[in-house]
1. What is the sum of charges around residue 364, taking Lys and Arg as +1, Asp and Glu as -1, for the other residues whose C-beta is under 15 Å from the C-beta of residue 364?
2. Take every DSSP beta bridge with both residues inside the range 250-359 and express the antiparallel ones as a percent of the total, to the nearest 5.
3. Which of these, 335, 141, 309, has the largest mean-square fluctuation under a Gaussian network model of the chain (Cα springs below 10 Å)?
4. Anyone know which of 213, 349, 402 comes out most mobile in the 10 Å Cα GNM of the chain?
5. In the range 250-359, what is the volume of the convex hull around the alpha carbon atoms, normalised per residue and reported in Å³?
6. What does the charge dipole of the chain about its Cα centre add up to, to the nearest 20 debye, if the Cβ of each Lys and Arg holds +1 and the Cβ of each Asp and Glu holds -1?
7. Calculate the dipole size of the range 232-365 relative to its Cα centre from +1 charges on Lys and Arg beta carbons and -1 charges on Asp and Glu beta carbons; express the result in debye to the nearest 20.
8. Relative to a virtual label point 7 Å from the Cα of residue 311 in the Cα→beta-carbon direction, which members of the range 236-277 show backbone nitrogen distances below 19 Å?
Amino acid sequence: MNNPKVAPADGKLGVLLVGLGAVSTTFIAGTMMIRKGNGLAGGSITQLAKIRVGRGKDKQYKKVGEIVSMPDLKDLVFGAWDIFPDTAYESAIHAEVLKPKHIEPVKDELQAIKPMKAVFDHEYVSKLNGSNVKPQATRWEYVQELRKDIQNFKKENGVDRIVVVWAASTEKFIAYNPKTHDNLADLEAAMKADDRENISPSMCYAYAALAEDAPFVMGAPNLCVDIPAFWEMAEKNKLPIAGKDFKTGQTLMKTVLAPMLRTRQLGLMGWFSTNILGNRDGEVLDAPENFHTKEVSKLGVINTILRKEDNADLYGDIFHKVRINYYPPRNDNKEGWDNLDIFGWMGKDYGMQIKVDFLCRDSILAAPLVLDLALNIDLAHRAGLVGTQRWLSFFLKSPMHDYTKGEEPVHDLFQQYIMYKNEIRTLGGYEADEEID
Ligand SMILES: NC(=O)c1ccc[n+]([C@@H]2O[C@H](COP(=O)([O-])OP(=O)(O)OC[C@H]3O[C@@H](n4cnc5c(N)ncnc54)[C@H](O)[C@@H]3O)[C@@H](O)[C@H]2O)c1
């Protein structure tokens, strides 16, 4: 079924990544392998999931690309910015996520991806020092340079549309400041005044993207497009935005286990989560000011799902702690432990424990999310959807929502999937529904 309101995914789609590290190179090399027919797109909803459309005798199960027009992976063109000059090939080797057999067959294509000079402020990521950075300039000048980068990339690669996805390091925590973040005029004034306290590098990338007709996705927990100033800009320029923080390992488990507790009316005394992680992301998060950004993102999940105000007996007093420990020997192969202290019949005198030990691979879990977010935000753009795309919450740890209107984030993975499927159904010209599949 074709919905005439959705422009077809004709021509080339440029995927511009901020950061060309472990996640980005695993995504790029993996996508190149998949489009050669040499790799499995495991974890990707757009490539593998079948969604029911229609009901009763009319029901059919179709892939997303059969319901709505989606780009062929062969039509994706990749580009990136990074503070290190390594090509995508060199960076993929350095990241040690993919094995040579998943890198070497696409070596030439990866070598051709040379990162553009980054907008970087050492104050925001204290653990990194790189040479591939733009010369010191004001925030507003940085925006103009990034806009030129996007324009050049578009011209040089003959792409028809662009999406920009942040997969760069987590920036230090900055708080929402109503004086600079509340509306677009104040945000622009702060950029022009080079207010480095309140305007992060990631905000410069987001502004440049939205000024160049490119949807923007925030894959880290940075304060960025989750502020009213950017909502205003997205509305004004008629662009979709999404964020924030890819939902990969431990939080994915949380958003599955917490709904189970709530559905079964089991109580929770405490939830302790800890990780060991040895990649560059882990090193950056070893700085307390950067970890705090991640901590806030990870902590929000449980309370929203369990709703202590609705059930204080079960969820009124939860001790929730999250730790990330930088441990180089494990590199990208993160190990995440969760301990849940739960209770039920007759209360806390009969406590029980659930232990999860997830030996995951961070970038293997994140790469399909980058692909899905890039393709879906492009779909949103072609469909004329504007502002925060809540139906993309499924892919995100800290889903954006309009808190100024009292909206709450939806964290429950299964509720998020219903939102996702219904948007795809609607965009495909089918009816949204909540039938049991
Ligand atoms: N892998 C996961 O499971 C996961 C989950 C959620 C979020 N994330 C986030 O995704 C991001 C990328 O993770 P990763 O494992 O690829 O990290 P990484 O350290 O391997 O890569 C990040 C890259 O960003 C670059 N960079 C830093 N600041 C930059 C800037 N201002 N402009 C351009 N480039 C910049 C760094 O040089 C580095 O190469 C991190 O913020 C991480 O927290 C990852």
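Nothing in this text is a laboratory measurement; each read-out follows from the coordinates by a stated rule. A quick note: this is a predicted structure, and the numbers were derived from the prediction, not measured. Don't worry about glycine lacking a Cβ; one is built from the backbone with ideal geometry, like all the others, and counts go over all protein chains shown.
1. Numbers: positive: 99, 101, 247, 330, 334, 361; negative: 96, 281, 332, 335, 362, 372.
So the environment of residue 364 carries a net charge of 0.
2. Numbers: 18 of 26 bridges.
Counting only bridges with both partners in the range 250-359, antiparallel ones make up about 70 percent.
3. Ranking 335, 141, 309 by mean-square fluctuation puts 309 first.
4. Largest GNM mean-square fluctuation: 349.
5. Details: hull volume 10.4 nm³, N = 110.
Residue-normalised Cα hull volume stands at 94 Å³.
6. Working: 54 positive and 60 negative charges, 213 e Å.
Value, rounded to 20: 1020 debye.
7. Details: 19 positive and 19 negative charges, 63 e Å.
So the dipole magnitude of the range 232-365 works out to roughly 300 debye.
8. 253-272
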